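Colleague: Below: one structure in structure tokens.
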Amino acid sequence: MSTSPGPNIVTLPADPAQPALWRASVVTLFPQMFPGPLGLSLAGDALRREVWSLSTQDLREHGLGRHRAVDDTPAGGGPGMVLRADVLAAAIDGASGPDDPRPRLLLSPRGRPLTQARVRDLAAGPGVLLVCGRFEGVDERVIEGRGLEEVSIGDYILSGGELAALVLLDACIRLLPGVMGKDESGTEESFESGLLEYPHYTRPRDWEGRGIPEVLTGGNHKAIAAWRREQSLRLTKARRPDLLDPA
């Protein structure tokens, strides 16, 4: 597989004798943006321990002509430029073979919203191939021809898909076995139960005249669970009522 890794990227070849890693491949105009923050903290430690692997495919390497052009004017007119189908398809093919079981995701503001349930599904699979859009968009034919699933991380516009790819990868990597210290860390969080997470407290017991709720210091685990559930419902109703009534 031809790749152009950015600084500090660990690229691991396939080895049938080794357990399958969670493999991430990123097609991008800016491979130097990876691993970026994923080279630090839990994700970076897991990368060094080979819990997951990362490779990049430089879109510019598949560009056309002396200037390695990757885009062209939109058919039908309009502002901006559009990533060419032939160039992007060649980059995707260079990063993923025909028998690659990993889902192919295009980071796009018009995609389906990324949810914690989808993240958990992706983390349980073999990995992902991420395509980072740029300019006005991507030729629709490569989306169809290479089976790209469009995914959005929010209702706002970024300069490109790279930051969105980092967000998606971080959300998945932290759920991989052996990345977080306790399995419960990934289950007692916002969205895992369909609700926002309850408030947290720690030492000191009193801070600037504010104390810890007594129920949390009484040792009654049933009462603590009920309080946390009540607080989750309260916060969800106030901040994200759509989670309680998705319709």
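Colleague: Do you know the relative contact order of region 38-130, to the nearest whole percent, from alpha carbon pairs under 8 angstrom that are 6+ apart?
Modeller: Values: 69 pairs, mean separation 18.3, N = 93.
Answer for region 38-130 is 20 percent.
Colleague: Let me ask something else about it. Multiply the residue gap between residue 170 and residue 208 by 0.36 nm, knock off their C-alpha separation, and tell me the result in nm, one decimal place.
Modeller: Full extension from residue 170 to residue 208 adds 10.2 nm.
Colleague: Pick the calculated Kirkwood radius over Cα pairs in Å for this structure from [x] 20.4; [y] 17.8; [z] 19.0?
Modeller: Working out Kirkwood radius over Cα pairs in Å from the coordinates points to [x].
Colleague: Quote the relative contact order of the chain in percent (integer), defining contacts as alpha-carbon pairs under 8 Å separated by 6+ residues. Show your work: numbers first, answer last.
Modeller: Working: 382 pairs, mean separation 44.9, N = 247.
Worked out over the chain, it gives 18 percent.
Colleague: Which stretch or stretches of region 119-149 have amide N atoms under 20 Å from the point lying 7 Å from residue 197's Cα along the Cα→Cβ direction?
Modeller: Backbone N within reach: 119-124.
Colleague: Right, here's the next one. Assuming R0 = 45 Å, can you tell me the calculated FRET efficiency for the pair residue 81 and residue 223, based on Cβ-Cβ distance, to the nearest 0.05?
Modeller: That gives a FRET efficiency of 0.15.
Colleague: Let me ask you something else. With n ≥ 4 as the cut-off for DSSP H runs, can you work out [θ] at 222 nm for the chain, using -39500 (n - 2.57) per run divided by the number of residues, rounded to the nearest 500?
Modeller: The helix-only estimate for the chain comes to -8000 deg cm²/dmol at 222 nm.
Colleague: Round to a whole angstrom and tell me the spacing of the C-alpha centers of region 222-236 and region 95-168.
Modeller: Centre-to-centre (Cα) distance: 35 Å.
Colleague: Mind giving me the FRET efficiency for residue 233 and residue 180? R0 is 30 Å, r the Cβ-Cβ distance, nearest 0.05 is fine.
Modeller: The calculated FRET efficiency here is 0.70.
Colleague: Follow-up question, since we're still on this one. Express in nm, to one decimal, how much length is gained between residue 21 and residue 121 on full extension, taking 0.36 nm for each residue of separation and deducting their alpha carbon distance. Could the numbers behind the result be given before it?
Modeller: On the way: separation 100, 0.36 × 100 = 36.00 nm, distance 1.55 nm.
Using 0.36 nm per residue and subtracting the Cα-Cα distance, I get 34.5 nm.
Colleague: Going by average Cβ neighbours within 10 Å, how do the peptides 100-113, 27-40, 210-223 rank, with the highest at the top?
Modeller: Descending packing order for the listed peptides: 27-40, 100-113, 210-223.
Colleague: Can you give the % of DSSP beta bridges in the chain that are antiparallel, to the nearest 5?
Modeller: Bridges in the chain are about 20 percent antiparallel.
Colleague: What is the percent carbon and sulfur in the accessible area of the chain, measuring with a 1.4 Å probe over the protein chains and ignoring ligands?
Modeller: 52 percent
Colleague: Related question: Where only protein heavy atoms count, and the probe is 1.4 Å, what is the accessible area per residue for region 109-180 in Å²?
Modeller: Heavy-atom SASA per residue in region 109-180 reads 49 Å².
Colleague: In addition: What's the ranking of 233-242, 199-208 by average number of surrounding C-beta atoms within 10 Å, highest first? Each step should come with its number before you reach the end.
Modeller: Numbers: 233-242: 12.7, 199-208: 9.0.
Top to bottom by mean Cβ count within 10 Å: 233-242, 199-208.
The values are calculated or read from the model by the stated rules, or taken from the named source; none is laboratory data. Keep in mind that this is a model prediction, so the values were computed, not measured. Using ideal geometry, Cβ is built from the backbone for each residue, glycine included, and neighbour counts are taken over all protein chains shown. SASA here: full protein model, heavy atoms, side chains in, ligands and nucleic acids out. Shrake-Rupley method; radii C 1.70, N 1.55, O 1.52, S 1.80 Å.
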